[in-house]
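The values are calculated or read from the model by the stated rules, or taken from the named source; none is laboratory data. What you see is a predicted model; the values in this text were computed from it and never measured. We place every Cβ from the backbone using ideal geometry, glycine too, and count neighbours over all the protein chains shown. Please note that ligands, DNA and RNA were not included when accessible areas were found on the heavy atoms of the full protein model with its side chains. Shrake-Rupley method; radii C 1.70, N 1.55, O 1.52, S 1.80 Å.
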Amino acid sequence: MATATTTPRPKTEPSLERVSLHGHQVGFLRAGEGPLVVLVHGITSSSEIWLDVIRRLADRYTVVAPDLLGHGRSAKPRGDYSLGAYASGIRDLMGVLGYERGTAVGHSLGGGIAMQFAYQFPEYCERLVLISSGGLGRDVHPLLRAATLPGSELVLPLITKGWALRAGEAVGSVVDRFGLKLGPDVAEFARGYASLADADARGAFLSTLRAVIDPGGQRVSALDRLYLAEQMPLLVLWGREDPIIPVEHGRYAGALVPGSRLVEIDGAGHFPMLDDPDRVAGELAGFIETTEPYEWDLEAMREALRSGPPAA
């Protein structure tokens with residue numbers, strides 16, 4: 001059963017709303033009117049990462065940015081934190097809010113979720129946008145790989161307590177040891193790790209992380225199925241100085257999908273929506289306005305599956 005609690009909202013200013021899905025509270029931001037755009041955040045993040053982009057898009061689109069289960073204002077139950085479960089959650093949120101189709105935009109882990117959403121529910125997805133996305137290669141930052149090691153659930157409470165209490169020292173330490181640049185990358189990294197001082201958030205983080213990353217790097221890849229996205233408008237957007245997931249992943253993914261659009265933002269790191277929200281919002285709007293929404297076709301899908309991916 002699903003029940004929604006909503007509040008009146010100005011056209012362009014995001015409002016916090018909540019809905020109950022399958023007995024779990026899901027928080028989300030919503031603003032604007034027009035074609036639907038769904039913004040999906042990454043691990044240890046929340047819908048607030050999109051605030052500046054939402055305000056810039058809401059004059060012409062309906063923008064919905066959920067807090068994924070295990071994150072932000074949403075519930076943090078013991079349960080399924082796989083990409084498939086998250087994709088189903090996006091579909092269910094759209095359904096309970098009364099939206100049939102929209103453009104799916106995913107950042108980092110959210111990019112993997114957006115790809116899974118387009119794969120599982122293509123009839124719901126008009127366009128696909130991947131921002132500094134996971135799921136396109138093996139490489140990922142050592143701090144995320146380390147968190148998947150056996151015993152990390154015993155160490156994380158000690159680490160995150162320190163981050164929450166001594167954020168300034170933690171930021172300086174990360175810059176020195178792991179090569180992250182001062183600015184949004186470090187601020188978000190510190191905020192995300194500090195949020196794991198909460199035991200339920202920490203459990204959800206470990207379940208989510210271990211579903212997609214192992215000590216060797218990213219364990220889930222969409223590269224073998226990207227050919228199915230050839231008929232769906234695809235925008236790949238990356239910060240050229242991303243220290244978490246290298247920009248080469250985006251370049252390779254763009255090369256695999258004929259007709260896709262690749263945008264690299266100079267001076268931006270892993271969070272281009274924070275480094276340059278005007279540019280990100282402008283690229284999203286331009287992409288939506290210059291592409292036709294994808295229409296799912298069973299016969300076209302069947303033929304693509306029979307043909308398989310193009311030869312390397």
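Would you calculate, for the chain, the mean residue ellipticity at 222 nm contributed by helices, counting each DSSP H stretch of 4 or more residues as -39,500 (n - 2.57) and dividing by all residues, to the nearest 500?
Working: 12 runs with 128 residues, N = 312.
Taken over the chain, the calculation gives -12500 deg cm²/dmol.
Magnitude of the Cβ-charge dipole of the chain, K/R +1 and D/E -1, about the Cα centre, nearest 20 debye?
Values: 30 positive and 38 negative charges, 160 e Å.
It works out to roughly 760 debye.
Ignoring ligands, DNA and RNA, please state the percent of accessible area on the chain from carbon and sulfur, probe 1.4 Å. Let's see the in-between values first.
On the way: 7210 of 13690 Å².
C and S fraction of accessible area: 53 percent.
Once fully extended, how much extra length lies between GLU13 and ARG240, figured as 0.36 nm per residue of separation less the alpha-carbon to alpha-carbon distance?
Details: separation 227, 0.36 × 227 = 81.72 nm, distance 3.01 nm.
Using 0.36 nm per residue and subtracting the Cα-Cα distance, I get 78.7 nm.
In region 73-152, which GluC sites (Glu not before Pro) are in a loop and have at most 10 other Cβ atoms within 10 Å, using DSSP for the loop call? Before the final figure, lay out the partial values.
Numbers: sites: GLU100, GLU123, GLU126; in loops: GLU100.
Here the sparse-neighbourhood loop sites are GLU100.
Could you tell me whether region 226-311 comes out rounded, prolate or oblate from its Cα gyration tensor? Rule is a ≥ b ≥ c as square roots of the eigenvalues, rounded for a/c under 1.5, then prolate if a/b exceeds b/c, otherwise oblate.
Details: a/c = 3.49, a/b = 1.70, b/c = 2.06.
Taking the square roots of the gyration eigenvalues as a ≥ b ≥ c, region 226-311 is oblate.
Ranked highest first by average number of other Cβ atoms within 10 Å, how do 263-272, 233-242 line up? It would help to have the intermediate numbers written out before the result.
Numbers: 263-272: 20.7, 233-242: 23.3.
My ranking of the peptides, most packed first, is 233-242, 263-272.
Taking 0.36 nm per residue of separation and subtracting the Cα-Cα distance, what length does fully extending GLN25 through ASP59 add?
Once the chain is fully extended between GLN25 and ASP59, it gains 9.4 nm.
Which residues' amide hydrogens lie under 5 Å from the amide hydrogen of ASP242, considering only partners 5 or more residues apart or on another chain, with H built in the peptide plane?
Hits under the 5 Å cutoff: VAL247.
When ranked by the protection proxy of mean other Cβ atoms within 10 Å per residue, highest first, what sequence do the peptides 218-231, 60-73 form? Mind dumping the intermediate values first?
On the way: 218-231: 17.4, 60-73: 23.5.
Ranking, from highest mean packing down: 60-73, 218-231.
Which of rounded, prolate, oblate describes region 86-150, given a ≥ b ≥ c as roots of the alpha-carbon gyration tensor eigenvalues and a/c under 1.5 marking rounded, otherwise prolate only if a/b is larger than b/c? Provide the component values of the computation, followed by the final result.
On the way: a/c = 3.12, a/b = 2.12, b/c = 1.47.
Prolate.
Tabulate in residue order the Karplus-calculated ³J(HN,Hα) for region 265-278, using 6.51 cos²θ - 1.76 cosθ + 1.60 with θ = phi - 60°, rounded to whole Hz; enter x for Gly and Pro.
Karplus-based 3J(HN,Hα) across region 265-278 equals 9, 4, x, 9, x, 6, 10, x, 5, 9, 5, 8, x, 4 Hz.
If you average the C-alpha positions of region 26-74 and of region 298-312 separately, how far apart do those two centres end up, in angstrom?
With region 26-74 and region 298-312 each reduced to a Cα centre, they are spaced 33 Å.
Order these peptides, 298-304, 12-18, by their mean beta-carbon neighbour count within 10 angstrom, highest first. Walk me through the numbers on the way to the answer.
Numbers: 298-304: 11.3, 12-18: 16.4.
Taking the mean over residues of other Cβ atoms within 10 Å, the ranking is 12-18, 298-304.
So the label point goes 7 Å from the Cα of ASP139 along Cα→C-beta, right? Which residues of region 209-234 then have their backbone N under 14 Å from it?
217-218
If the chain between LEU298 and ALA85 were fully stretched, how many nm would it gain, using 0.36 nm times the residue separation less the Cα-Cα distance? All intermediate terms of the calculation are to be shown ahead of the outcome.
Numbers: separation 213, 0.36 × 213 = 76.68 nm, distance 2.34 nm.
So the extension gain works out to 74.3 nm.
Cα gyration tensor of the chain, axes a ≥ b ≥ c as square roots of the eigenvalues: rounded (a/c below 1.5), prolate (a/b > b/c) or oblate?
Details: a/c = 1.43, a/b = 1.22, b/c = 1.18.
In terms of gyration-tensor shape, rounded.
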